[in-house]
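The values are calculated or read from the model by the stated rules, or taken from the named source; none is laboratory data. Keep in mind that what you see is a predicted model, and the values were worked out from it rather than measured. Neighbour counts run over all protein chains shown; Cβ positions are idealised from the backbone, glycine included. When the accessible area is computed, the model is the full protein with side chains, heavy atoms only, and any ligands, DNA or RNA have been set aside. Shrake-Rupley method; radii C 1.70, N 1.55, O 1.52, S 1.80 Å.
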Amino acid sequence: MIRVVLPAHLRTLARVSGEVEVDVPGEATQHSVLTAVETAYPALRGAIRDHATHRRRPFVRFFACGQDLSHDPPESPLPPPVASGSEPFLIVGAIAGG
């Protein structure tokens, strides 16, 4: 099981109160984890990634083990602690302003 931490607005949309866990068949990658999250919580489809291209939405970032994975290729393997469930995969809503 992969542990996923969602930002507050996505937890509200998914109707969950904390960290979620998803089963990811095969290798744990950004793509496979996000697909599992969107399958388990259909209300999140299109909120994290674009419906058609599956590209990360602007102002959404991905972190794991203290590293920003937002610009890594979606099929890159996630760090072993995330794949084993000992560390979470974080989806973070970025803030912009001036």
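Note on the chain: antiparallel DSSP beta bridges, both residues inside, total approximately 85 percent of the bridges counted.
Rg ratio for the stretch 43-98: its Cα radius of gyration over 2.2 N^0.38 Å, N being its residue count, equals 1.21. Please give the net charge around residue 20, taking every other residue with its beta carbon less than 13 angstrom from that of residue 20, where Lys and Arg add +1 and Asp and Glu add -1. It works out to a net charge of -1.
Remark: accessible surface ordering of 23, 50 (largest first) is 23, 50, probe radius 1.4 Å. Split the accessible area of the chain by element, probe 1.4 Å, and carbon with sulfur accounts for 55%. Starting from the stretch 1-89, pick out the GluC sites (Glu not before Pro) whose DSSP state is loop and whose Cβ has at most 10 other Cβ atoms within 10 Å. Here the GluC sites (Glu not before Pro) that fit, given the DSSP loop and packing criteria, are 75. Neighbours of residue 68, meaning other residues whose beta-carbon lies under 12 angstrom from its beta-carbon, give a summed charge of +1 when Lys and Arg score +1 and Asp and Glu score -1.
Taken over the chain, the alpha-carbon convex hull comes to 103 cubic angstrom per residue.
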